[in-house]
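Everything below concerns the one structure shown next.
The values are calculated or read from the model by the stated rules, or taken from the named source; none is laboratory data. Because the structure is predicted, anything quoted here is derived from the model rather than measured. Cβ coordinates were reconstructed from backbone atoms using ideal geometry, including for glycine residues, and neighbour counts include every protein chain displayed.
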Amino acid sequence: MKTILIQLDTDTSPSTFDRVVAIDAGADHLFSYGGIAAENVVGLVHGAIFTRGVPDLKHTAIFVGGSQVSEGERVFDTVQKAFFGPMRVSVMMDSNGCNTTATAAVATARKHLSLAGISAVVLGATGPVGLRVAQLLAMEQARVTLVSRTEDRAAAACQVVRDEEPGAYLRPVAAATSESFAAICDQQQLIVAAGAAGISFLPAGGLSRLNGVRLAIDLNAVPPLGIADISAADKAMEKSGVICYGALGVGGLKMKVHRQAVQSLFEDQNRVLACRELYQLAIRIAGV
Ligand SMILES: NC(=O)c1ccc[n+]([C@@H]2O[C@H](COP(=O)([O-])OP(=O)(O)OC[C@H]3O[C@@H](n4cnc5c(N)ncnc54)[C@H](OP(=O)(O)O)[C@@H]3O)[C@@H](O)[C@H]2O)c1
């Protein structure tokens, strides 16, 4: 039986990136829908679950994407609530690449560092990617500093992570200048820069002025980069004694996670793939 991936995208035009990955992952047919919201998705889910017999439902799966991550989360929840009993298909959520990017970043960190107990700082921790990076690091028992330009947002981000990881060591910090970002990063073993595209945290030469940093990952691929000393293509490149990764350096693993995750949707009808599940896949692929 042919596999069908149903792409539910909250943007008007479904993401070409997600469409290409779906085909490369081997979906025989891709049904792409744009302009999806939690309010208009249930009919499409019913169309997916009421057509094939239960034993064949593993050949149909749903992918939730789009640039608006919070709307994607609402759609993802609504899709799952529309399932009942055996009437369900596997589903994955990766709006704006948030889950695959964060899981690839933390699995990459795990390649180099034993994460339990380390001090880690996430710059831009309030965005969808940074928040997930912070959550995964907390899950790995790292001591995590979450940085935002405002104290309230940093504290709110910590609360979101704490709701998922109740025993986590989390420190909210507000900073808005390169001097304050540098002061926060000093003596932290791991830095993950997850700020908005084109936002710079540490200027050129900044890494060499920091003490105690072992690994730095910058997920921003749009110049100016988040950490000016890191190039987007850096992959385990040592600079000033720090192992560095840029967005493209992490991107290879991210792409593998995305592709293999889509493939795995067709292995049974019960997969629900979001941050935690994709992290398990990322560490398996990374062999760490
Ligand atoms: N490689 C990939 O495939 C891939 C995929 C997805 C995302 N990304 C990259 O990952 C990064 C994070 O993505 P995202 O969607 O989570 O980002 P985002 O939501 O656009 O931004 C993340 C955070 O950056 C902070 N920020 C915004 N403007 C700032 C400024 N002028 N100064 C300092 N901080 C600022 C904001 O925090 P506060 O307002 O709380 O300060 C915001 O919550 C982006 O660079 C994105 O391009 C890469």
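When you look at Glu164, is it more than 10 Å from the ligand (Cβ to nearest atom), modelled with pLDDT under 95 and among the charged types (D, E, K, R), yes or no? Yes; evaluated as a whole, the condition is true for this residue. Residues in segment 265-279 that are out of contact with any His (no Cβ under 7 Å at 6 or more places or on another chain) and either crowded, with 18+ Cβ neighbours inside 10 Å or aliphatic (A, V, I, L, M) (or both): Leu265, Gln269, Arg271, Val272, Leu273, Ala274, Cys275, Leu278, Tyr279.
Looking across segment 237-284, the residues that are under 12 Å from the mean Cα position of the chain (by Cα) and away from the ligand (no atom under 16 Å from the Cβ) come down to Leu273, Arg276, Glu277. Residues of segment 243-288 that are part of a strand (DSSP E or B) and farther than 30 Å from Ala82 by Cβ: Ile243, Cys244, Tyr245.
The numbered conditions (1) more than 10 Å from the ligand (Cβ to nearest atom); (2) surrounded by 17 or more Cβ atoms within 10 Å (Cβ to Cβ); (3) of a type outside the set (Asp, Glu) are all true for Ala232 except (1). Looking at segment 135-154, which of its residues are within 11 Å of the ligand (Cβ to nearest atom) and closer than 21 Å to Glu73 by Cα? Scanning segment 135-154 gives Arg153, Ala154.
The helices (runs of 4 or more DSSP H) falling completely within segment 1-111 that include 1 or more residues that are acidic (Asp, Glu), under 18 Å from Gly251 (Cα atoms) and out of contact with any strand residue (DSSP E or B) (no Cβ under 7 Å at 6 or more places or on another chain) map to 16-24. Taking the criterion of being in the same structural domain as Gly117 (by TED's automatic domain parsing), surrounded by 14 or more Cβ atoms within 10 Å (Cβ to Cβ) and free of Cβ contacts under 8 Å to residues at least 12 places away in the same chain, would at least one residue in segment 204-213 satisfy it? No: segment 204-213 contains no residue that is in the same structural domain as Gly117 (by TED's automatic domain parsing), surrounded by 14 or more Cβ atoms within 10 Å (Cβ to Cβ) and free of Cβ contacts under 8 Å to residues at least 12 places away in the same chain. Ala197 meets each of the listed conditions (1) buried (at least 16 other Cβ atoms within 10 Å of the Cβ); (2) within 13 Å of the ligand (Cβ to nearest atom); (3) closer than 22 Å to Thr100 by Cα apart from (1).
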